[in-house]
Structure formats: structure tokens, C-alpha cells
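Q: Handing you a structure now.
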Amino acid sequence: MSEQKKKLATLAVHAGEEAPNSGAAVTTPIYATSTYIFANTKELCDHHEGVAHRMEYGRYGNPTQIAAEKKIAALEGAEDALLFSSGMAAVTTTLLAMLSQGNDIVLTSDCYRKTRQFSNTMLRKFGVNVHFVAPDDYEGMEKLFEEKKPRLLISESPTNPYLNVLDLERVVAIAKKHRIKVLIDSTFATPVNQRPLEFGVDLVMHSATKYLGGHNDLLAGVICGSEALVGAIRDCQSMLGGILDAHAAYLLIRGLKTLSLRVQQQNASGQRIAEWLESHPKVTRVHYPGLKSHPHHEVAAAQMKGFGGVVSFELDGKLEQISKFIDACEIPGIGPSLGGAESLIEQPSLMSFYELSSEERLAVGIKDTLVRFSIGLEDPEDLIADLEQALTKLG
Ligand code: PLP
């Protein structure tokens, strides 16, 4: 059966790995080596001439990493995928590969804070003009495209922490009209829920630290797209060096095998818990694209197969009262990150935005009343019981 015909769960288990021939290892081994030997000078020259494809040096690739890349490329329906030591290494290397001094870039205003910081500091320092647009302001986006002629639009979908969903078809249509490349950070969706390349997006990235790894035990990032685009980013990575270690690649492969199962469970738990929260008197607002009350519910329902395991919600109380609720939760740990087996909970105000005042946080859309809940693989009824008892501590 051709790879294209296989369903996602089958690809997650088998793609990128050795065919089950006699004597084959069922799992891809960890290649714990920094370099690879050439039998003779001819073999070396053939390698440089592209006559033979093989390994050379660890910074240029490792067989465990390549197996993981092939698996992710198959899951995203991409020609090529490239792994990095973290999601941020994937973002920064990609932007440095694609942008030159004098270029313009547009980011959606609620994209990951470190991506914004990198663009606002490093990219500006090197002469790139950085613009922001609200994730659902399509007119504003088109105006910026017309006026600034940017090289690239970068956005998450869904975004963090309000789970805004971009209309990918609409964004791609506007971008194509102006010959602008589109990069979607699909970390919150995973290929189980959405495959942006099918909508004509040029590049998809993930913080593989989250759902792709799925066990809160590794850091990794990945970029997927055409061979030409990913190849140019690979050249840049070979200089910048943010590669994925073979041990982490092995853990990532192991995590990916259960991606489909895990995300389906997290979708179901996410929907159940979001609906429960929405009916609770102490919860003033729930942000979850699977709810009809979410401003992008219709777009999300049309382009996504599920809405993921992150639910953000606002509580009736002040920052300190909400901390009491957070501290009273017994199952989820207080911590950043998402997408793993263990549920995690946080007040974004006190996690990623701690150093800002309430007013500064509000200016970037982060309310002190906001809680972000990353649902793991625990039974949703246990999670609800835990939230219920913790909400009684809100005061
Ligand atoms: N993109 C999104 C949406 C994220 O949530 C994160 C991390 O939280 C990143 C990128 C950065 O990934 P990493 O932490 O793996 O560097």
C-alpha cells in the first residue's frame, strides 16, 4: 500500500522505520555516534558529489533523527521534515534562513511570546522589519501584505493561550495573491487535528516538545514543507547547529507511535472539560474552539478534526484568589508546556508574563483572571472532580 493511502495511525507507527524484514529491529536504534567513517577517498568524493547518500558528521544528521523526520513528514503529508533541538531552534533557524536585511515579516499578534521576542529583538537588530496583525483581522493582513510586501507570514493555529483559529484557506488565498510564504506553527493542533500543508501553507512547524513527543520528557522542534524550502533551512541548521540528539530522536519516535490515540483522547477530554467549565458559575469565560461560544468555532469545525487538549478559562476573582485555586488542584502540576501525558496548569500572568505589570500584561491580551489547562491522559472525570474541589478554594 502506498504511504499516501495509509491512515495517520498506521503512519505514526510505521513510517520512516525499517520494513519488517527477517532480522530487522522492530524499533529504530539510537545511533550514539558523532561521526561516520568513509572506506576510502572515492567514497568521500562520491558523497560530496551526491552520487551516494550517506551519513557524514553528527551536525548534518543521524539515522535515528532521520527516521523521526520521515515519520513526521509522512504525518504532515510533507516532502521533507527537519528536526531541531527545540521548537525555538526550529523557528529561529527557519527565520534566519528565509529572511535578509531589509525584508519584512508579519506575525499574528498572539503568536508564541519567544517567537515575538526573537522577531522584535534579533530580527530587528539585523534589519528585518517586523509587523503584527490580529489573528482574525484578514483585511488588516491584506493591507499589510499590499503595503509592506513581506517575505513571510508566521502564525500559530490554534494560538496560545486563547486558542484563536486562523481560516487557513483564506490566509493562503491572500498570501498567494501577494506571493508571500505562510508558516503555521501547528503545535496545538498536531497532524491528527489539522494538516496545514493541505490548505496550501508553505511550512508547518511544531514544538515537538508538546504533543508529538507527548510524555513531557524531551525537547524538540520540527519544520515540514517542500524539499526546496526545508533544504535551505537544513543548510542554515548545519551552520547554526541546533540539531536533535539521537537519544531525544528515539524518545520522539516512541512518543509518535501513540500520537493518534493520545490526541483523540485529549480531544475528547478537552471537549468534555470545556463544556463542564462553561456551565460552572465561578467560570466567567472558556476559550476552546470546540465550544459554540468560541469566536472561531465555525472555522475550527470546518478545518479541524478535533480541538485539542488545551482549555483556557477565566475565573471570577483576582490574581491571588486564582492562585489559591491553582494551588488547590491535586492532579495537574503547576508548570509551563502542554501536550504530555501529565496534565499541567498555569496562570499565564505568573508563568510566561511574570515580569510584566497587570497593565502591561493586559496590553498584550493576558488577563490576570486567565488559567491555561493542558489536559493530559488522566480520566477526564477525575480531572473534573479535581477542578470542582479546587474551585471551592477560589473564595
Ligand atoms: N510554539 C509554541 C506554540 C509553543 O507553545 C512553544 C513552547 O511552548 C514553542 C513554539 C517553542 O517550543 P520549545 O519550547 O520546544 O522551544
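Q: If I go through region 320-341 residue by residue, how many of them are assigned to a helix (DSSP H, G or I) and open to solvent by 30 Å² or more (accessible area, probe 1.4 Å)?
A: Residues that pass the stated criteria total 4.
So that you can scan it fast, the table gives a plain yes or no per residue for (1) among the hydrophobic types (A, V, I, L, M, F, W, C); (2) modelled with pLDDT of 95 or more:
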residue: Ile273; (1), (2): yes, yes
residue: Trp276; (1), (2): yes, yes
residue: Ser279; (1), (2): no, yes
residue: Lys292; (1), (2): no, yes
residue: Ser352; (1), (2): no, no
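Q: Next up: Condition first: closer than 18 Å to Ala89 by Cα and either of a type in the set (Lys, Arg) or open to solvent by 30 Å² or more (accessible area, probe 1.4 Å) (or both). Now tell me which residues in region 242-267 satisfy that.
A: Ile243, Asp245, His247
Q: For residues that are more than 27 Å from Thr190 (Cβ to Cβ), hydrophobic (A, V, I, L, M, F, W, C) and open to solvent by 30 Å² or more (accessible area, probe 1.4 Å), tally how many sit in region 122-143.
A: 2
Q: How many residues, within region 290-319, are farther than 19 Å from Tyr211 by Cα, part of a loop (DSSP other than H, G, I, E, B) and touching a Lys or Arg at 6+ places or on another chain (Cβ under 9 Å)?
A: 3
Q: Still on this structure: Pull up region 14-35, narrow it to residues that are open to solvent by less than 50 Å² (accessible area, probe 1.4 Å) and in contact (Cβ under 8 Å) with a residue 40 or more places away in the chain, then point me to the one that is nearest to Leu75 (Cα to Cα).
A: The residue in question is Ala15.
Q: Continuing with this model, one more query. Taking only pairs six or more apart or across chains, which ones have beta-carbon atoms under 8 Å, a first residue in region 262-278 that is over 24 Å from Asp316 (Cβ atoms), and a second residue that is hydroxyl-bearing (Ser, Thr, Tyr) and modelled with pLDDT of 95 or more?
A: Arg262/Tyr211; Val263/Thr190; Val263/Tyr211; Gln266/Tyr211
Q: If you take the residues of region 363-395 that are among the small types (Gly, Ala, Ser) and either touching a Pro at 6+ places or on another chain (Cβ under 7 Å) or assigned to a loop (DSSP other than H, G, I, E, B) (or both), which of them is surrounded by the fewest Cβ atoms within 10 Å (Cβ to Cβ)?
A: So the residue we want is Gly395.
Q: Identify all residues within region 82-114 that are surrounded by fewer than 23 Cβ atoms within 10 Å (Cβ to Cβ), modelled with pLDDT of 95 or more and hydroxyl-bearing (Ser, Thr, Tyr); write none if there are none.
A: Of everything in region 82-114, those that are surrounded by fewer than 23 Cβ atoms within 10 Å (Cβ to Cβ), modelled with pLDDT of 95 or more and hydroxyl-bearing (Ser, Thr, Tyr) turn out to be Ser85, Ser86, Thr92, Ser100.
Q: Could you list all residues from region 46-95 that are in contact with a strand residue (DSSP E or B) (Cβ under 6 Å, 6 or more places away or on another chain), touching a residue at least 60 places away in the same chain (Cβ under 8 Å) and not in a helix (DSSP H, G or I)?
A: Ala78, Ala81, Leu82, Leu83, Phe84, Ser86
Residue-by-condition table, conditions (1) surrounded by fewer than 24 Cβ atoms within 10 Å (Cβ to Cβ); (2) away from the ligand (no atom under 13 Å from the Cβ); (3) modelled with pLDDT under 95:
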| residue | (1), (2), (3) |
| --- | --- |
| Pro158 | no, no, no |
| Val165 | no, yes, no |
| Arg179 | yes, yes, no |
| Leu183 | no, no, no |
| Thr190 | no, no, no |
| Asn193 | yes, yes, no |
| Leu218 | yes, no, no |
| Ala228 | yes, yes, no |
| Gly231 | yes, yes, no |
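Q: In addition: Residue under question is Thr64, and the condition is that it be hydroxyl-bearing (Ser, Thr, Tyr) and more than 16 Å from the ligand (Cβ to nearest atom); does it hold?
A: Here the answer is yes, as Thr64 does meet what is asked.
Q: Among the listed residues Val283, Val311, Val299, which satisfies the condition of being open to solvent by 10 Å² or more (accessible area, probe 1.4 Å), under 25 Å from Leu259 (Cα atoms) and modelled with pLDDT of 95 or more?
A: So the residue among Val283, Val311, Val299 that is open to solvent by 10 Å² or more (accessible area, probe 1.4 Å), under 25 Å from Leu259 (Cα atoms) and modelled with pLDDT of 95 or more is Val299.
Q: For region 342-355, which residues satisfy the criterion of being in contact with a strand residue (DSSP E or B) (Cβ under 9 Å, 6 or more places away or on another chain) and part of a loop (DSSP other than H, G, I, E, B)?
A: Correct list: Glu342, Ser343, Gln347, Met351, Ser352.
Q: Still on this structure, please answer the following. Could you tell me whether Leu83 is within 15 Å of the ligand (Cβ to nearest atom), in contact with an Asp or Glu (Cβ under 7 Å, 6 or more places away or on another chain) and of a type outside the set (Lys, Arg)?
A: Judged against the criteria, Leu83 is a match.
Q: Among the candidates Glu142, Glu147, Glu169, Glu198, which residue alone is in contact with a Gly (Cβ under 7 Å, 6 or more places away or on another chain), more than 16 Å from the ligand (Cβ to nearest atom), in a helix (DSSP H, G or I) and not β-branched (Val, Ile, Thr)?
A: The unique qualifying residue is Glu198.
Q: Let me ask something else about it. For a quick check of your reading of the model, give me the residue pairs whose first member lies in region 168-182 and is free of Cβ contacts under 8 Å to residues at least 12 places away in the same chain, whose second is open to solvent by less than 100 Å² (accessible area, probe 1.4 Å), with beta-carbon atoms closer than 7 Å and at least 6 apart or on different chains.
A: Close Cβ pairs satisfying both conditions: none exist.
The values are calculated or read from the model by the stated rules, or taken from the named source; none is laboratory data. Bear in mind the structure is a predicted one, so any value in this text is a computation, not a measurement. Every residue, glycine as well, gets a Cβ built from its backbone with ideal geometry; the counts of neighbours run over all protein chains shown. Side chains included, ligands, DNA and RNA excluded: accessible areas come from the protein's heavy atoms. Shrake-Rupley method; radii C 1.70, N 1.55, O 1.52, S 1.80 Å.
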